[in-house]
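See below for the structure under consideration.
The values are calculated or read from the model by the stated rules, or taken from the named source; none is laboratory data. Computed from a predicted structure; not experimentally measured. Neighbour counts run over all protein chains shown; Cβ positions are idealised from the backbone, glycine included. When the accessible area is computed, the model is the full protein with side chains, heavy atoms only, and any ligands, DNA or RNA have been set aside. Shrake-Rupley method; radii C 1.70, N 1.55, O 1.52, S 1.80 Å.
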Amino acid sequence: MIPTRALRDCLDGAIPGVVSTWSADGTPNVAYMSQGQYVDRQHLALSYQFFNRTRQNILANPRVTLGLIHPQTAQQYRVHLTYQRTETEGPLFESMKAKLAGIASHTGMSGVFRLLGADLYRIDRVEAVPGTTLPLPAPAVDPLSALRACMERLPLSHDTESLLDALLDGLVEHFDIRHTLVMMLDPARERLYTVASRGYETSGVGSELQVGEGVIGVAARERVPIRISHMTSEYAYGLAMREGAQRQGLGGLVDTEIPFPGLAAPGSQLAVPIPGPREPLGVLFVESPTDMRFSHAEEDALVALAAQVGALFRLFLAELELGEEAVAPAEGEPGPSGPPMRVRHYAANDSVFLGDDYLIKGVAGNILWTLLQDHQASGRTQFSNRELRADPRVRLPDQSDNLEARLVLLHRRLAERQACVQLEKTGRGRFRLRVDCPLEMEDMAPGSV
Amino acid sequence: MPTANPFRLDPELVRFMTGGLSINTGSGSAEGLPSQCRAFGVRVDPTGRVTVFLAGAQAADLLRDAARSRALAVVFSDPPTHRTIQLKGRDARVEPLRPGDLAEVRAYREAFTRRLVPLGFTAPLVLALLDCPDDDLMALTFTPEAAFDQTPGAHAGAPLLPGALDGAPPDPAGP
């Protein structure tokens, strides 16, 4: 029986493992492991950083004995391994690369540790070394019972927006994880956009990242959880984000970047893809100012939660395709009043400005512009997700696009801005456009400033 | 087995090795299975012979393999600085403990604990790791034939030249 939990604790811990090998000519070698990663019950991976004696030995004799120490109990294990192969790309490699960058930064080895490959080993046998051990302290949060409490609540949500709230509130309440956000994937643009967050000064709803950028972007690209126990500038969202904002600014127009809300000095980060039928639907991201905050068991719990969230997203979508709830007849809605507000739409990137303030861009910007055009033309206020999906003016990247998530984004941006235009849900798949002030709409042609 | 070309351990290297470092040993079986065991201290004789102390219950495989092959690798690493060296020999054998060896092991435990506590490890954890009944301690001795610099970086794995240890040595082990 392989003591899975204990091995994962050892591999996560701050005590480096010891790798012993035996050369073809019968010479032993002992070296310290920089990073090990639990893969599954039969496999683990060790980082390959240098072509050293260990490497030469395993290529000639694939047997390795790995010594591990449990960071809380001092129990020693000897894991007898057989080298299988080296991976130089893909989920295992990328997740180890991100983690190694964190370890390197934490140990002052940035620029020294660079992952050349992830060496995959088969676990042949695990031996508990006799010796004195300490009792394992009970964790502050039991991830399994916290998971259960969260999972009980999620199916009570009736739409995407309340599901996101239930998820992030549940992480605070049951896991005591206080800095969280969810980004959804726009596969056509290979970008992720924030739809909900907790624990930051500004919500950051609408902020974007490129797929592949930082732990969230790598998690989305590789469809694998990325967990960093010591944060590193290599994966940090800071300067790089601001440079990105400059690159994508509208030629000196107005900055349309919404700042990413993450912690300025994170210690630990964990990004978990929300699975979809093909690409991930998005990424659940949590972080903490404390090093080594998130355990492997918490990663398990968040992966389970993300799977449930992904399934519920798809359920909501299927429900919308089945039909919409009847609309309550519009009650005597107050018409627009007060001074008019200028609304500009820049066709170059579908950005929409309310007055002088940037609101939103992309598909969500186009949705708003379409709604407002209809409202201006006919005074219309009632809309359905389904007709919006079919409306050629909205230009969804494809029919499977997560329109619901884009409406969540738009709804939250309007609410945060306390704009005189708001979206209000009126039933499953239906919503009302509320326009409180007269609008002066200007469509800015491409290239205009 | 006579050792043709012993590696000369200069005083600075000896001071480093005996400064309360993390010490691990390795050998291998006739079937090519590597063995390993953590050591609880080191003694370096004026002749250059190196003796490491092991818990018999933990070291069964390693002692069996070292007795058969006589081949032994011992790695010394300083956790705060990552400075690491490895010694290799081909004449390993178990010897009886000498008077003073038990005191050497106790001093080692204290020195290693002093080195790890500032890094965030608790003293009970380190002492549990290094705990072993006195009557289970074994002394494994060998003559180093080769030494390697294993500090992570570009020079990792390079043969160590006498006197080539960079930087100031760590504080002496204490009593």
**Study point:** Under the Karplus curve 6.51 cos²θ - 1.76 cosθ + 1.60, θ = phi - 60°, whole-Hz ³J(HN,Hα) for the stretch B:45-62, x wherever Gly or Pro sits
**Key:** 7, x, 6, x, 6, 10, 10, 10, 10, 10, 8, x, 5, 8, 9, 3, 5, 5
Point to revise | Distance (nanometres) between label positions extended 7 Å along Cα→Cβ at A:Asp391 and A:Gln56 | key: 7.0 nm
Study note, to complete from the structure: The answer for B:Ser29, listing residues at least 5 apart or on another chain whose modeled amide H is closer than 5 Å to its amide H, is B:Ser35
Point to revise | Accessible area that becomes buried as B packs against A, both chains, 1.4 Å probe, Å², nearest 100 | key: 2900 Å²
Practice item. Please work out the C-alpha center-to-center distance from the stretch A:172-226 to the stretch A:140-162 and express it in whole Å. Key: 19 Å
Check your understanding: To one decimal place, what Kirkwood hydrodynamic radius in Å is obtained for chain A from all pairs of distinct Cα atoms?
Key -> 24.2 Å
Point to revise | Partner chain coverage, peptide A:15-26 - average Cβ within 10 angstrom | key: 6
Check your understanding: Stretched out fully, how many nm does the piece from A:Glu201 to A:Asp165 gain, at 0.36 nm a residue minus the Cα gap?
Key -> 11.2 nm
Review point. Calculated FRET efficiency, A:Ala265 and B:Val14, Cβ-Cβ r, R0 51 Å, to nearest 0.05?
Key: 0.75
Review point. What number, rounded to the nearest 500 deg cm²/dmol, is the helix-based mean residue ellipticity at 222 nm of chain A, given -39500 (n - 2.57) per DSSP H run of at least four residues and division by all its residues?
Key: -10000 deg cm²/dmol
Exercise for review: Can you send over the solvent-accessible area of A:Met33, 1.4 Å probe, protein chains only, in Å² to the nearest 10?
Suggested key: 20 Å²
Practice item. Set the Förster radius R0 to 45 Å, insert the Cβ-Cβ distance between A:Ala24 and B:Thr81 as r into 1/(1 + (r/R0)^6), and round the FRET efficiency to 0.05. Key: 0.85
Exercise for review: Mind giving me the FRET efficiency for A:His43 and A:Arg278? R0 is 25 Å, r the Cβ-Cβ distance, nearest 0.05 is fine.
Suggested key: 0.45
Exercise for review: Could you work out the mean count of beta carbons from other protein chains within 10 Å of each residue's beta carbon in B:57-70?
Suggested key: 2
Check your understanding: Carbon and sulfur: what percent of the stretch A:143-322's accessible surface (1.4 Å probe)?
Key -> 53 percent
Practice item. Counting only heavy atoms of the protein chains, get the accessible area per residue of the stretch B:11-152 (1.4 Å probe) and round it to a whole Å² value. Key: 35 Å²
Practice item. Give the shape of the stretch B:88-158 as rounded, prolate or oblate, defined through the alpha-carbon gyration tensor: a ≥ b ≥ c are the square roots of its eigenvalues, a/c under 1.5 means rounded, and otherwise the shape is prolate if a/b is larger than b/c and oblate if not. Key: oblate
Exercise for review: Take the Cα of B:Asp131, step 7 Å along the line toward its Cβ, and report every residue of the stretch A:126-164 whose backbone nitrogen sits under 19 Å from that point.
Suggested key: A:128-138
**Study point:** Residue-span extension gain [A:Cys437 to A:Asp374] - 0.36 nm each, minus C-alpha spacing
**Key:** 21.1 nm
